[in-house]
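The values are calculated or read from the model by the stated rules, or taken from the named source; none is laboratory data. Nothing here was measured: the structure is a model prediction, and the numbers come from that model. Please note: Cβ atoms are built from the backbone with ideal geometry, for glycine as well, and neighbour counts cover all protein chains shown.
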Amino acid sequence: MWLTSSSVGRKFIMALTGACLVLFVTFHCLMNAIAICWPTAYNQVCEFLGANWYALLASAGLALLFILHIVYALWLTVQNRKARGTERYLISKRPKTVEWSSKNMLVLGIVVLAFLVVHLIQFWAKMQLVEIRNVEGTLPPTAGTLFIQEAFSLVWTPIVYIIGFIALWFHMTHGFWSMFQSVGWDSTSWIPRLKKIGCWWTTIVVALFVAQAIVFTVKAHEDYYKTNPELRNQYIGMVAERLVPLFVPQVSEASYEELEQNLPQVAAQLPQQIKMVQANPGQVPEGQLEKMIEGNEAVQSIVAFLEYLKGGEPATEAVNETL
Ligand code: HEM
């Protein structure tokens with residue numbers, strides 16, 4: 001098949017996947033801007049995307065793009081080295097005009113990939129993956145701003161991100177015009193223009209990422225995403241949803257302050273009540289005990305989450321062991 005058997009076909013795949021990734025990265029930095037300007041709206045978008053079929057489809061498509069881009073990059077590099085034989089070691093013979101980034105695309109790509117692995121562990125694995133696995137996470141998986149809080153309150157996060165952004169800048173500025181050349185658009189008048197457009201595009205996107213990382217770091221160190229009243233009420237709405245089908249549906253309507261005032265008492269009394277019902281099972285309607293146990297788990301985890309918002313450590317699953 002032309003796309004796999006010929007070098008031109010393989011370069012075409014690199015260019016096509018590269019173009020889609022440039023669009024993704026641009027879209028992503030605009031999404032991050034929403035997190036800065038309208039954090040509650042950002043969480044609504046996270047909730048809307050979540051693990052719904054359309055979001056899963058988009059994530060799978062994106063993963064395929066990354067995989068194809070990386071596999072073809074390695075493949076082309078191996079082919080080029082084979083074709084050039086030992087000549088690749090004679091660096092001095094190369095034309096001086098070959099840019100530094102052009103010679104180091106593979107290394108730059110590997111640095112971006114390393115950044116991406118750290119980034120996906122910090123965000124995707126705790127958000128969409130938690131939803132897919134349907135496990136009880138420590139924080140509500142759709143509260144994107146809380147994961148920003150967690151990631152950027154770590155000292156090393158901005159350092160790793162800035163290194164990733166620098167590598168991304170070099171990789172993207174070269175990749176941008178080189179993808180046009182790969183698909184045959186190599187007119188002498190257009191290449192300089194494309195280089196300029198690519199440089200501007202990449203610089204704006206990367207500068208936005210850098211600015212966002214700085215804003216997130218400052219705000220995370222101020223605990224903004226934990227303490228902002230509007231965000232707190234939004235988080236409470238997310239976690240209290242668990243109580244709707246259980247024995248205290250009115251809790252799901254409550255505000256952060258109401259829950260903070262009343263829920264710890266409920267949480268303190270519930271285990272005792274459950275023990276009493278367990279001792280006299282005949283005194284309650286069938287299924288009531290199971291509902292109480294489930295409700296207790298939800299209440300305890302919400303109380304632990306309230307503690308976390310007040311400045312404690314992330315709520316742990318240990319809260320479910322209160323019985
Ligand atoms: C300040 C910088 C950045 C922040 C705050 C940020 C934030 C996030 C967040 C919150 C998510 C999770 C979305 C979800 O699963 O619902 C995410 C996912 C992701 N990010 Fe970033 N990001 C940043 C930079 C980047 C960069 C530079 C790249 C690429 C080079 C990137 C690639 C990705 C990818 C591939 C995903 C997974 C998307 C999916 O779930 O389909 N991010 N990011």
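The requirement of being in a loop (DSSP other than H, G, I, E, B) and either more than 9 Å from the ligand (Cβ to nearest atom) or out of contact with any helix residue (DSSP H, G or I) (no Cβ under 7 Å at 6 or more places or on another chain) (or both) is satisfied by Thr188. Of the residues making up segment 45-70, those that are free of Cβ contacts under 8 Å to residues at least 12 places away in the same chain and not aliphatic (A, V, I, L, M) number 5.
Selection over segment 127-178 of residues that are buried (at least 22 other Cβ atoms within 10 Å of the Cβ), more than 22 Å from Phe115 (Cα to Cα) and either of a type in the set (D, E, K, R) or within 9 Å of the ligand (Cβ to nearest atom) (or both) gives a count of 1.
If only residues of segment 86-126 that are β-branched (Val, Ile, Thr) and either closer than 30 Å to Ala298 by Cα or modelled with pLDDT under 75 (or both) are counted, the one that is farthest from the ligand (Cβ to nearest atom) is Thr86. Identification of helices (runs of 4 or more DSSP H) wholly contained in segment 1-85 with 3 or more residues that are within 16 Å of the ligand (Cβ to nearest atom) yields 7-37, 39-49, 53-84.
Within segment 99-145, the set of residues being among the small types (Gly, Ala, Ser) and more than 26 Å from Thr77 (Cβ to Cβ) comprises Ala125, Gly137, Ala143, Gly144.
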